[in-house]
């Protein structure tokens, strides 16, 4: 085709409208899949926390067996570090809910009774009398179970 004595070439590429449509579709896909991905990540953190409870309980059991039926006074003293050199973290973060957890706490609160737990605390709770250990938070996980039940399950 000629226009004013020049040969018109067919332009290649996408129009602005086509690009905007593609971007809109991508935004919709991200908006739809993000909650599922975030929930899958939180479920993985919950599984890691449950595994960490099992590791701590096993270390307590070894300590108990090696020390004539006496539980460790704390889980952070040098005598217990022989069985568990580094206290694992509570990985859960209570995804997208108020009073979110850090997901990195390895703090241990030593208690004498299995007293009620607040929903804004973090780390582990340990009863030196019974050897029980559990997550020091009463909020619920992605399946509706209280984090504090992780030590009992």
Picked from segment 1-51 (must be touching a helix residue (DSSP H, G or I) at 6+ places or on another chain (Cβ under 9 Å) and at pLDDT 90 or above), the residue surrounded by the fewest Cβ atoms within 10 Å (Cβ to Cβ) is 50
Can you tell which of 59, 54 is in contact (Cβ under 8 Å) with a residue 12 or more places away in the chain and either closer than 21 Å to residue 152 by Cβ or outside any helix (DSSP H, G or I) (or both)?
59
Wholly within segment 66-148, strands (runs of 3 or more DSSP E) carrying at least 2 residues that are modelled with pLDDT of 85 or more and within 14 Å of residue 49 (Cβ to Cβ)
124-127, 132-135
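The values are calculated or read from the model by the stated rules, or taken from the named source; none is laboratory data. Model, not experiment: these values are computed from the prediction. Please note: Cβ atoms are built from the backbone with ideal geometry, for glycine as well, and neighbour counts cover all protein chains shown.
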